[in-house]
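The values are calculated or read from the model by the stated rules, or taken from the named source; none is laboratory data. Source: prediction; values computed, not measured. All Cβ positions, glycine included, derive from the backbone under ideal geometry; neighbour counts span all protein chains shown.
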Amino acid sequence: MKIGLLTSSRADFGIYYPLVKRLWEDNAIVLELIVFGTHLKKEYGYTVNEIEELGFEVKHRVKTQTENSAPINISNSIGDTIINFSEFWNKNVFDLVFALGDRYEMFAAVSAASPFNIDIAHIHAGETTLGAIDNAYRHSISSMSKYLFVTTEVYRNRAMEINNTPENAYNVGALSIDNLKNQELYTIKDFYSKYNIDLNIPSILSTFHPETVSLENNIQYIEDLINAFKVLKDKYQIIITMPNSDTMGDMIREKLIQFGNDFENIKLIESFGMKGYLSCMKYSSMLIGNTSSGFVEAAFFPKWVINIGDRQKGRIVTDNILNVKTNDILATVDNIEHRKLPSDSNIYGNGSAANKILMKIKSLYGIR
């Protein structure tokens, strides 16, 4: 069975990893990685190298536009990705193709596949993020997909409503939990050797992406977040990973760089990679930002999460997550420093998602 797997960024490949590993090792399957988007851009760390360093061959590289400073750039990027993938799908045939998540570039690649009647399996279907235009892209990908793999029953019910094929929607849990259950993370010593960041120091891990529904809020959000960091830096080391390729992402990136360069205990990271990021989360005191990892991975440990704004609005909020406006950040940090973490926040499975997906696909296609 020939399977393609679409990956456009460091973020989605980190989630994919346990599934890629299982597919790669299965003798009944030929897996071909289809790499595009920011993976192939030097300004985003050229993260295709990280895939190869993990021992996987990159069979296909599809170069696409990734400029994101204005809405017209995103529209142009969608169009460019569709054009490039129309050529790709015309020349390459697969029994099944995996797509993950909700990014506009993933939506474009799947849109280009739809006239070719390619079987698409959508991972992380059924979730809701009302503060990002990604919400529409996720549901559109689901509507163009034959199979939907979800992380909870709540999301399965939503996914079934979207493409109206309940028999093809499967609750398998989150692949990120597989990573956390089965991946040996760095020790504090090894982390320091690799990244020159000492996690013995009390640390806050932060990732903040732009809200793409309410663009006008982003300048105030990032200025308020930086002002909070100016206070918190006296007590914590602040470890900031860069925003993704969305409208106004460059603005946020520039402000963070300008701020971070002035202080020794502000650490700016383009890409930790999956293992590095999860290791940093493990040893950090809390997360502050608006990334989806605060909703899934952070629930596993668990870690306190201060979730800012509305980008992730609509997701299931577990007991370790506190939704705040930016002017409440400092008070919320003070609050959670004196509270005990809930111990049962993980609702995303037991770390067997990759195996469940593999077994279901082999069953559906009659593969032994």
Checklist outcome for this item: The residue that is nearest to L19 (Cα to Cα), considering only those in segment 131-183 that are touching an Asp or Glu at 6+ places or on another chain (Cβ under 6 Å) and touching a residue at least 24 places away in the same chain (Cβ under 8 Å), is S176
Next on the checklist: Looking only at helices (runs of 4 or more DSSP H) that lie completely in segment 138-218, which have at least 3 residues being in the same structural domain as M281 (by TED's automatic domain parsing) and not aliphatic (A, V, I, L, M)?
Outcome noted: 188-195
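Residue-wise test of (1) free of Cβ contacts under 8 Å to residues at least 40 places away in the same chain; (2) under 19 Å from D12 (Cβ atoms); (3) assigned by TED's automatic domain parsing to the domain that holds A331; (4) in contact with a Cys (Cβ under 7 Å, 6 or more places away or on another chain).
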residue	(1), (2), (3), (4)
D234	yes, no, yes, no
I239	no, no, yes, yes
N244	no, yes, yes, no
M248	no, no, yes, no
D262	yes, no, yes, no
E270	no, yes, yes, no
Checklist outcome for this item: Output for Cβ contacts, cut-off 8 Å, separation at least six or different chains, first residue part of a loop (DSSP other than H, G, I, E, B) in segment 105-126, second among the polar types (S, T, N, Q), reads H124/T151; A125/S142; A125/S145; G126/S142; G126/N157
Checklist entry - Among the residues of segment 63-73, is any in contact with a strand residue (DSSP E or B) (Cβ under 9 Å, 6 or more places away or on another chain), part of a loop (DSSP other than H, G, I, E, B), within 24 Å of A125 (Cβ to Cβ) and touching a residue at least 24 places away in the same chain (Cβ under 8 Å)? => result yes
Checklist outcome for this item: Of the candidates S114, S86, the one satisfying the condition of being touching a helix residue (DSSP H, G or I) at 6+ places or on another chain (Cβ under 7 Å), more than 29 Å from D310 (Cβ to Cβ) and either outside the structural domain of F13 (by TED's automatic domain parsing) or surrounded by fewer than 19 Cβ atoms within 10 Å (Cβ to Cβ) (or both) is S86
Checklist entry - So, in segment 117-163, of the ones that are over 22 Å from N350 (Cβ atoms), aliphatic (A, V, I, L, M) and buried (at least 20 other Cβ atoms within 10 Å of the Cβ), which residue ends up nearest to the chain's Cα centre (by Cα)? => result A132
Item to check | Spans of strands (runs of 3 or more DSSP E) in segment 254-358 with at least 1 residues surrounded by fewer than 20 Cβ atoms within 10 Å (Cβ to Cβ) | outcome: 266-269, 321-324
Next on the checklist: Checking the structure you have, find out if any residue of segment 89-102 is outside the structural domain of N218 (by TED's automatic domain parsing) and free of Cβ contacts under 8 Å to residues at least 12 places away in the same chain.
Outcome noted: yes
